[in-house]
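The values are calculated or read from the model by the stated rules, or taken from the named source; none is laboratory data. This is a predicted model, so every value here is computed, not measured. Reconstructed Cβ throughout: ideal geometry from the backbone, glycine too, with neighbour counts over all protein chains shown.
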Amino acid sequence: MPEIIYGEQGDDSWKAHRCGSIGGSSIKRLMSKGQGKTRTTLLYELAAETLTGTKHEGYTSQAMIDGLVKEEEALREFSFITGLGLERVSLIKGNIPHTHCSPDSLIPSKNSGVEVKAPLAHTQVRYINENKMPTDYVKQVQFSMWITGYDYWWFFSYHPKLNPFLLKVERDEKLIKTIKNETIKFLAELKILLKKMGQNDRRRKIDNKN
């Protein structure tokens with residue numbers, strides 16, 4: 001069974017649990033077949049995290065910071081619109097070691113979770129107009145359903161001056177199977193790289209003694 005870790009997202013404990021682990025926000029990079037460099041960079045990042053015990057922090061734009069600040073407001077709006085009770089958690093560890101997801105919120109009574117976004121106004125207009133799951137988050141949401149075993153997931157996009165965009169996303173078993181297989185393959189590559197780095201460490205120690 002997946003292990004639920006309670007606490008605050010963003011604190012030291014949250015970062016420690018994510019260190020060297022594949023999360024939902026990484027799965028698009030992991031599966032970027034046409035951009036090997038993107039996948040390889042992720043491999044090196046996770047290896048470095050495992051070896052140093054320090055979580056790699058990528059670039060954070062002002063828009064991303066503003067979006068995080070608005071998440072609480074967005075979740076309150078989601079709960080008001082749907083009438084669903086939310087449970088905040090730090091993260092959920094998958095059944096396969098070194099996998100996790102950090103859901104914006106869970107809905108235990110409905111065996112589901114929530115992915116919340118607070119985008120810029122023009123992005124919100126696009127989401128509403130297209131009326132479908134944004135491509136950038138398809139794999140992330142399916143990854144979360146794989147990790148949790150939940151039946152479906154809500155995608156909720158919020159802007160205070162525009163209508164909200166709410167979508168119920170069902171499990172895509174074919175995509176989930178692909179995500180699982182690609183994740184296992186990636187973790188095997190990570191294990192080989194870590195073993196290689198360990199051998200290099202031992203060589204350096206031997207050379208230093210000589």
Flagged in the range 152-170 as part of a strand (DSSP E or B), among the aliphatic types (A, V, I, L, M) and within 11 Å of ILE128 (Cα to Cα), in numbering order, are LEU166, LEU167
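Let me confirm something: among TYR137, TYR127, which residue is over 25 Å from TRP14 (Cβ atoms) and modelled with pLDDT of 95 or more? Give the derivation first.
Working: TYR137 fails: over 25 Å from TRP14 (Cβ atoms).
Of the residues listed, the single one that is over 25 Å from TRP14 (Cβ atoms) and modelled with pLDDT of 95 or more is TYR127.
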Say we look at the range 59-78 and pick out the residues that are at pLDDT 90 or above and surrounded by 16 or more Cβ atoms within 10 Å (Cβ to Cβ); which of these is farthest from TRP146 (Cα to Cα)? GLU77
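In the range 131-161, which residue that is exposed (fewer than 15 other Cβ atoms within 10 Å of the Cβ) and of a type outside the set (Ser, Thr, Tyr) is nearest to ILE96 (Cα to Cα)? Walk me through how you get there before you give the answer.
Residues of the range 131-161 that are exposed (fewer than 15 other Cβ atoms within 10 Å of the Cβ), as a first pass: 131-132, 135-136, 149, 151, 160-161.
Subsequent filtering for residues that are of a type outside the set (Ser, Thr, Tyr) retains 131-132, 136, 149, 151, 160-161.
Values: ASN131: 34, LYS132: 30, ASP136: 24, GLY149: 13, ASP151: 19, PRO160: 39, LYS161: 41 Å.
Top of the filtered list is GLY149.
Does GLN142 satisfy the criteria of being more than 27 Å from GLY20 (Cα to Cα), part of a helix (DSSP H, G or I) and either touching a Pro at 6+ places or on another chain (Cβ under 8 Å) or not small (Gly, Ala, Ser) (or both)?
Working: more than 27 Å from GLY20 (Cα to Cα): no; part of a helix (DSSP H, G or I): yes; either touching a Pro at 6+ places or on another chain (Cβ under 8 Å) or not small (Gly, Ala, Ser) (or both): yes.
No: the conditions fail for GLN142.
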